[in-house]
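Undergrad: I'd like to ask you about the structure that follows.
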Amino acid sequence: MKLERIALLTALLALPAALAQTVSSPIPIGAALAETSNVALLGQEEVVGVKLAQSYVNSHGGVDGTPIKVILEDTGGNVTGAINAFQLLMNKDHVVGIVGPTLSQQAFGADPIAVQAKVPVIGPSDTANGIPEIGPYVSRVSAPVSAYAPDALKAVLSFHKGITRVAQFYAENDAFSKSEAGTFRQAFKKVGLNLVDVEKTKTGQSNFTSQITTALAKHPQLIEISTLAADGANLVKQLRQFGYTGQIIGGNGLNTPAIFPVCQKYCGGIYIAEAYSPSLKNAVNSWLGQHYRAQYHAAVPQLTAQAFTGVLVFANALSRVAASAHQKIVGMNLAALRVKLNQAVQTTTNFVTPLGAISIYKVPNGGGELNQKDFYVAQIHMNSSGKSGSFVYVK
Ligand code: 1QQ
């Protein structure tokens, strides 16, 4: 038999089973995150976030009295891993929706599969331009960097008067890094900075000698870095070791205390655009802060708060679906529920989360974009040992 025919037959045989599938109890919510690989520095903070969200939701009455269960599948750091995790969550774990993946790069590869299967996805940390436009089942709780990085740049320039020369480093093989670098280049132009050099790097790169030599020869007073976690932290360390004393603004890839062990004392001083503040005052953010601190003795990182919010948005949307159907979620037809859940996610309005009151609105021909009001700027301060540090909010 031809391969296509076998595929068609298999799909047809699987169809009645999928159609008959109902939602089980506790309500399964998928999380496809980078628990391993070089992206784990970012993904593990999200794992903490989704687990805390499960505790929060279940200790606050679950969904209409039914508990939720977050089911984790590891994506690793690449697209294939993300596709596999999505497939397991959709077809084996029968989740109602998926929080994930960690990277925009992975989202552009894996999200189309969920779109085709009509499974709602909420991106917890996918900040590149164009994520909701992947398709109608893709929403996000991570504001696009283009919505807040330009203001962070302005803040840094107001703290350090007289900066005119800027250089940029970005990972050319990562979708987020490319998108963020483009956002910053537009912002440099707007504020009249002179972009003296642009250096391209690769994800996983650890030695930046040749790029640093070229960039420093152009005498930048500010360096902007759009790369992922460990790569960017190594780059910062090497810039300082080569004698660079100017300012550094890091993008979302450096937005994690997990970089401290990599750049150690050299992390000190980096400015980061933030979509979350641990000191935002509302009941759910206080709950998160208290429970996080009890376990980790530190302030909540942005990625933890965003992943937490992803699960919370699903739980809230599920409650609204149950209320309008006058029916419990458990026992509903899974395929039909996923469609309704997606609509409910994309009509989230002024919902109070650790990110503040957020809304999600449907973009033309696409999914759900986030509307968030408050953004911040943090600066990394390292303790004299160079081993621990914190994000100090300066705006
Ligand atoms: C993206 C990101 C990552 C750097 C955060 C984990 O913002 O890939 O869009």
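Undergrad: Report the equivalent ellipsoid semi-axes for the stretch 328-395 in whole Å, largest first, defined as the square roots of five times the eigenvalues of the gyration tensor built from alpha carbon atoms. Kindly include the intermediate steps, with their values, before the conclusion.
TA: On the way: eigenvalues 296, 56, 24 Å².
Over the Cα atoms of the stretch 328-395, the ellipsoid semi-axes are 38, 17, 11 Å.
Undergrad: So what's the net charge close to residue 214: Lys and Arg +1, Asp and Glu -1, counting the other residues with Cβ under 10 Å from its Cβ? List each step's numbers first, then the result.
TA: Numbers: positive: 218; negative: 197, 199.
Summing Lys/Arg as +1 and Asp/Glu as -1 gives -1.
Undergrad: Between residue 133 and residue 69, what length in nm is gained on full extension when 0.36 nm per residue of separation is reduced by their alpha carbon distance?
TA: Working: separation 64, 0.36 × 64 = 23.04 nm, distance 2.86 nm.
The residue 133-residue 69 span can extend by a further 20.2 nm.
Undergrad: To continue, here is another question. For the chain, report the translational diffusion coefficient in µm²/s to the nearest whole number, using Stokes-Einstein at 20 °C, 1.002 mPa s, and a Kirkwood Rh over Cα pairs.
TA: Details: Rh = 21.5 Å.
After rounding, the answer is 100 µm²/s.
Undergrad: Just order 83-89, 103-109 by mean Cβ neighbour count inside 10 Å, highest at the front, would you?
TA: Going from most to least packed, we get 103-109, 83-89.
Undergrad: Using only the alpha-carbon atoms of the stretch 267-334, report the extent along each of the three principal axes, biggest first, to the nearest angstrom.
TA: Per principal axis, max minus min of the Cα coordinates gives 53, 24, 20 Å.
Undergrad: Then there's this: Just to be sure I understand the model, the point goes 7 Å from the Cα along the line to the Cβ. What's the resulting residue 357 to residue 245 distance in nm?
TA: Placing both labels 7 Å along Cα→Cβ, they lie 4.8 nm apart.
Undergrad: Once you have the Cα-Cα distance between residue 296 and residue 172, take 0.36 nm times their residue separation minus that, and quote the gain in nm to one decimal. Show your work: numbers first, answer last.
TA: On the way: separation 124, 0.36 × 124 = 44.64 nm, distance 3.41 nm.
Extending this stretch completely gives an extra 41.2 nm.
Undergrad: Okay, moving on. Over the stretch 245-362, what number does the Rg to Rh ratio reach, with both radii from the alpha-carbon atoms and Rh per Kirkwood? Display every interim value, and only then the final one.
TA: Numbers: Rg = 18.4 Å, Rh = 16.7 Å.
Over the Cα atoms of the stretch 245-362, Rg/Rh equals 1.10.
Undergrad: For the stretch 114-214, what is the convex hull volume of its Cα atoms per residue in Å³? Working shown, then result.
TA: Numbers: hull volume 12.1 nm³, N = 101.
Once divided by residue count, the hull of the stretch 114-214 is 119 Å³.
Undergrad: Also, I was wondering about something else. What is the ratio of the Cα radius of gyration of the stretch 168-289 to 2.2 N^0.38 Å, with N the residue count, to two decimals? Walk me through the intermediate numbers first.
TA: Values: Rg = 15.2 Å, N = 122, 2.2 N^0.38 = 13.7 Å.
Scaled against compact globular proteins, the figure is 1.11.
Undergrad: Then there is this: Between residue 58 and residue 38, what is 0.36 nm times their sequence separation minus the Cα-Cα distance? Round to one decimal in nm.
TA: Working: separation 20, 0.36 × 20 = 7.20 nm, distance 3.20 nm.
Answer, rounded to one decimal: 4.0 nm.
Throughout, read-outs are computed from the coordinates displayed, never taken from laboratory work. All values reported here derive from a predicted model rather than from experimental measurement. We place every Cβ from the backbone using ideal geometry, glycine too, and count neighbours over all the protein chains shown.
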